[in-house]
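Encoded as structure tokens, the structure appears first; notes follow it.
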Amino acid sequence: QVQVVESGGGLVQPGGSLRLSCVASGSIFSIYAMAWHRQAPGKQREWVAQITSGGVTTYTDSAKGRFTISRDNAKNTVDLEMNSLKPDDTAVYYCYVVFRRYNYSPTTNAWGQGTQVTVSS
């Protein structure tokens, strides 16, 4: 069993900053990639940012220049530093992990339960 737990959400004013954290634990041999997605009320879940085990990062256009994703491979953690937040960033943010349970096993994935981010004055 694999557990993915997010933390760090909350209420912030427009222009403010938040840092989200996620830790994956359990039956994990290695993690290929870790990512953040978000789902706003009434909208579909969307991908925000990803980082591979080699440190390659990619971002959705709306996150570029404002969000920074980072990870600690030794601790199986991934963070999302969010700056210059806008009301449109309001959403539940989910951590997504692509991993192998055993050496040479196919990759699989797991989601966290999500953490609420609200940007409002």
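The values are calculated or read from the model by the stated rules, or taken from the named source; none is laboratory data. Since the structure is predicted, the reported quantities are computational estimates derived from the model, not experimental observations. Cβ placement follows ideal geometry from the backbone for every residue including glycine, while neighbour counts extend to all protein chains displayed. Note: areas computed on protein heavy atoms with side chains; ligands, DNA, RNA excluded. Shrake-Rupley method; radii C 1.70, N 1.55, O 1.52, S 1.80 Å.
Could you tell me which of the residues Gly15, Gly54, Gly42, Gly65 is part of a loop (DSSP other than H, G, I, E, B), in contact with a Ser or Thr (Cβ under 7 Å, 6 or more places away or on another chain) and surrounded by fewer than 18 Cβ atoms within 10 Å (Cβ to Cβ)?
Answer to the check: Gly15.
For region 70-115, enumerate the residues that are out of contact with any Gly (no Cβ under 9 Å at 6 or more places or on another chain), open to solvent by less than 50 Å² (accessible area, probe 1.4 Å) and either at pLDDT below 95 or among the polar types (S, T, N, Q) (or both).
Of everything in region 70-115, those that are out of contact with any Gly (no Cβ under 9 Å at 6 or more places or on another chain), open to solvent by less than 50 Å² (accessible area, probe 1.4 Å) and either at pLDDT below 95 or among the polar types (S, T, N, Q) (or both) turn out to be Asn76, Thr77, Thr90, Ser105, Thr108.
What residue, among those in region 18-37 that are of a type outside the set (Val, Ile, Thr) and open to solvent by less than 20 Å² (accessible area, probe 1.4 Å), is nearest to Thr118 (Cα to Cα)?
Going through the qualifying residues, I end up with Leu20.
Determine which single condition Val48 fails, assuming it passes every other condition in (1) open to solvent by less than 20 Å² (accessible area, probe 1.4 Å); (2) farther than 19 Å from Thr107 by Cα; (3) out of contact with any Lys or Arg (no Cβ under 6 Å at 6 or more places or on another chain).
(3)
Scan region 9-18 and give yes if some residue there is of a type in the set (A, V, I, L, M, F, W, C) and either under 14 Å from the mean Cα position of the chain (by Cα) or modelled with pLDDT under 95 (or both), otherwise no.
Within region 9-18 (the criterion being of a type in the set (A, V, I, L, M, F, W, C) and either under 14 Å from the mean Cα position of the chain (by Cα) or modelled with pLDDT under 95 (or both)), the answer is yes, since at least one residue qualifies.
Output the number of the condition that Val98 fails; it satisfies all remaining conditions of (1) touching a residue at least 60 places away in the same chain (Cβ under 8 Å); (2) within 15 Å of Ser7 (Cα to Cα); (3) in a strand (DSSP E or B).
Here Val98 meets the rest and fails (2).
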